[in-house]
1. Could you say whether any residue in segment 200-214 is farther than 23 Å from L61 by Cβ and not small (G, A, S)?
2. Taking segment 218-265, which residues are in a helix (DSSP H, G or I), surrounded by 16 or more Cβ atoms within 10 Å (Cβ to Cβ) and small (G, A, S)?
3. Of the conditions (1) surrounded by fewer than 24 Cβ atoms within 10 Å (Cβ to Cβ); (2) closer than 30 Å to L195 by Cα, T69 fails just one. Which one is it?
4. Filter segment 162-188 for residues that are surrounded by fewer than 18 Cβ atoms within 10 Å (Cβ to Cβ) and either more than 21 Å from A255 (Cα to Cα) or in contact with a Phe, Trp or Tyr (Cβ under 9 Å, 6 or more places away or on another chain) (or both) and give the result.
5. Residues being part of a helix (DSSP H, G or I) and among the acidic types (D, E): count how many of those fall in segment 68-103.
6. So, in segment 187-217, of the ones that are assigned to a helix (DSSP H, G or I) and among the small types (G, A, S), which residue ends up nearest to the chain's Cα centre (by Cα)?
7. Can you find a residue that is surrounded by 24 or more Cβ atoms within 10 Å (Cβ to Cβ), hydrophobic (A, V, I, L, M, F, W, C) and closer than 11 Å to S98 by Cβ anywhere in segment 196-205?
8. Would you call V113 out of contact with any Leu (no Cβ under 7 Å at 6 or more places or on another chain) and aliphatic (A, V, I, L, M)?
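Coordinate-derived values only; no laboratory data. Everything quoted here is computed from the prediction, not taken from an experiment. Neighbour counts are summed over all protein chains in view; Cβ atoms, including those assigned to glycine, are modelled from backbone coordinates with ideal geometry.
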Amino acid sequence: MSVPLAAPPAASAEAPAGPGLLSAVRVLASRAGAMCLVELQKLRRDRTELVTRAIQPALWLLVFGETFTRIRAIPTGDVPYLDFLAPGILAQSALFVSIFYGIQIIWDRDAGVLAKLMVTPTPRVALVAGKAFAAGVRALIQALVVLILAAILGVAVTPNPLKLLGAATILVLGAGFFCCLSITIAGLVLKRDRLMGIGQAIMMPLFFASNALYPVAVMPGWLQVLNHVNPLSYEVEALRGLLIGTPARLPLDFAVTAGWAVVGVACAGALLPRLTR
């Protein structure tokens, strides 16, 4: 009698999974981090840039802040105007650092650097995210200078490390969004002079249509509407709530700022190839 053949081993229910979402995120983060380090290497060759860029926010605090604190022209309740102003100047300095990053992209294109980066395996989103994070780190370095000056002037900044970390996070997210906005504009206009004009045209309206200089309650109705759709306003509100303890909608502020940052990276990454044509 024949012996029955042994049944073959059961096949595994699932084939070995390929690189998962977590692996893809790690690769993207590592390449974005590498791009950020490349960007920050430029600071080692020109450290005076940080000092010169800190002059303007310092003047806002010293001249505008001190003057309006003395004359009490802007009602800020129980909060001294200089304390009220300092977080707005932090957000302003991050905006001014990042809004012209698109010019750097155009310089990279003209030097042939961007074309070389585009043929590497690095995803376009990682290229943009690296530049956005570098803009955030630059903004943090400049913010440190502004915070030291604010402390010297007597601004009551919180010593709570968690709140300071939250302020640093919202500052990086805001700077990253405005960096991506600049790269998006660069991908549309393709010229340095056009980008300079558009950057100047949107930078000051973004600043003055936010709550950086004055409370929302004293704005005319049409300006309040603009304030509510202005990403800078949510960044300022979060910074103010974290640093000096004024009322803030922190979950909403972080959600809006992070959402704009994600949208900015996606848009800038989609338009990046136009710069190499």
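1. Residues of segment 200-214 farther than 23 Å from L61 by Cβ: 201-202.
Among the residues that remain, those that are also not small (G, A, S) are: 202.
Yes, the conditions are met somewhere in segment 200-214.
2. Residues satisfying the conditions are S233, A238, G241, A258, A261, G264.
3. Answer for T69: the failing condition is (2).
4. Result: T169, L188.
5. First pass over segment 68-103, keeping only residues part of a helix (DSSP H, G or I): 68-71, 81-98, 101-103.
Imposing the further condition that a residue be among the acidic types (D, E) reduces the set to 83.
Number of matching residues: 1.
6. Start the filter on segment 187-217 by keeping residues that are assigned to a helix (DSSP H, G or I), which leaves 187-189, 192-208, 216-217.
Filter again for among the small types (G, A, S), leaving 187, 197, 199, 201, 217.
Details: G187: 18, G197: 21, G199: 16, A201: 19, A217: 26 Å.
Among residues in segment 187-217 that are assigned to a helix (DSSP H, G or I) and among the small types (G, A, S), the one nearest to the chain's Cα centre (by Cα) is G199.
7. no
8. Values: out of contact with any Leu (no Cβ under 7 Å at 6 or more places or on another chain): yes; aliphatic (A, V, I, L, M): yes.
Against the criterion (out of contact with any Leu (no Cβ under 7 Å at 6 or more places or on another chain) and aliphatic (A, V, I, L, M)), V113 qualifies.
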